[in-house]
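A short worksheet on the structure shown next.
The numbers here are math on the coordinates, done by the rules we state, and not lab data. No experiment lies behind these values; they were computed from the predicted model shown. When we count neighbours, we look across all protein chains shown, and the Cβ atoms used for this are built from the backbone with ideal geometry, even at glycine.
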Amino acid sequence: MGYYLITFSNTHAAMAAQKFLKGKLSFYVMPTLREISNSCGISLKIGSSSYEEIMEAMKDFPINHGMYKIYLITPSEIKVMD
């Protein structure tokens, strides 16, 4: 079983996403995996939503799409979804 991870290019975007997604998606704040990025140390772990649900929730996020990435994390791979 895998989960989705949203990473951010800076802490401001990560904090804005936490506020924006509160009540829209169930997520946990966690450190960014070193295998993925050194940019921002904060990521959002989403385990109970589909990629489509995540994209629907993020569609009105007021931060530029280039400021975050969505990954699918499974035991065998790390896959960028964008």
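From the residues in the range 1-17 that are loosely packed, with under 15 Cβ neighbours inside 10 Å and either in contact with an Asp or Glu (Cβ under 6 Å, 6 or more places away or on another chain) or not small (Gly, Ala, Ser) (or both), which one is farthest from Gly66 (Cα to Cα)? My answer is Met1. Of the residues making up the range 16-44, just one is in a strand (DSSP E or B) and among the aromatic types (Phe, Trp, Tyr), namely Tyr28.
Only residues that are free of Cβ contacts under 8 Å to residues at least 40 places away in the same chain and loosely packed, with under 12 Cβ neighbours inside 10 Å were counted across the range 27-59, and they come to 8. Determine whether Ser76 is more than 17 Å from Phe8 (Cβ to Cβ) and either loosely packed, with under 14 Cβ neighbours inside 10 Å or among the polar types (S, T, N, Q) (or both). Here the answer is yes, as Ser76 does meet what is asked.
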